[in-house]
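Asks: My structure is below; once you've seen it, I'll send some questions.
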Amino acid sequence: MIEAIAKKRLVSADYNGGEVVLAPHQLFSRRGELFVSAFNPRKNWRSEEERRLGHFKLAGLSNVALTDTGFDALPSFDRSLPHEFDEELFYVADE
């Protein structure tokens with residue numbers, strides 16, 4: 001996941017019984033578990049302003065594969081963590 005964040009490349013994975021494609025923006029830990037904050041570009045968003053990151057437990061993702069497709073970080077990405085005691089490990093860099 002770190003390579004995908006560093007290179008701004010989409011990943012494909014199985015999640016909750018279906019395939020997802022994610023643009024990972026941030027890797028963090030919560031109580032010893034790893035999570036990724038990622039944008040799902042395949043999700044139907046009503047507007048550009050509504051687009052946001054989801055938080056996925058890495059243990060819940062399987063068959064994770066780096067793709068050749070790049071992505072731009074969401075303009076709204078501000079490195080805020082979902083919970084006060086989460087620890088940031090890696091994040092997508094500004095260009």
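Asks: Report the gain in length on full extension from E19 to T67: 0.36 nm times residue separation, minus Cα-Cα distance, nm rounded to one decimal.
Replies: 15.9 nm
Asks: For the chain, what is the calculated [θ] at 222 nm in deg cm²/dmol (nearest 500), taking -39500 (n - 2.57) for each run of four or more DSSP H residues and dividing by its residue count? It would help to have the intermediate numbers written out before the result.
Replies: Numbers: 1 runs with 6 residues, N = 95.
Theoretical 222 nm ellipticity from helices: -1500 deg cm²/dmol.
Asks: How far is it, in nm, from the label point at E33 to the one at E87 when both lie 7 Å from their Cα along the line to the Cβ?
Replies: My value for the distance between the label points is 1.7 nm.
Asks: Give me log10 I(q)/I(0) at q = 0.11 Å⁻¹ for the chain, Debye formula, one equal scatterer per alpha-carbon, no solvent.
Replies: Log-scaled intensity ratios, in q order: -0.29.
Asks: Same structure again: Amide H neighbours of F39 under 5 Å, at least 5 residues apart or on other chains, H built in the peptide plane: list them.
Replies: Here A23, H25, G54 satisfy the definition.
Asks: Test of understanding: extend the Cα→C-beta vector of R42 to 7 Å, then name every residue of the range 1-31 with backbone N under 19 Å from that spot.
Replies: So the set is 1, 4-5, 9-25.
Asks: Right, here's the next one. In whole Hz, with x marking every Gly and Pro, tabulate ³J(HN,Hα) for the range 25-36 from phi via Karplus 6.51 cos²θ - 1.76 cosθ + 1.60, θ = phi - 60°.
Replies: Working through the residues one at a time gives 10, 7, 10, 8, 10, 9, 6, x, 9, 8, 10, 10 Hz.
Each reported figure results from applying straightforward, stated rules to the coordinates on display, with no laboratory input. Quick caveat: nothing in here was measured; it's all calculated off a predicted structure. Positions of Cβ are backbone-derived with ideal geometry, glycine not excepted, and every protein chain shown enters the neighbour counts.
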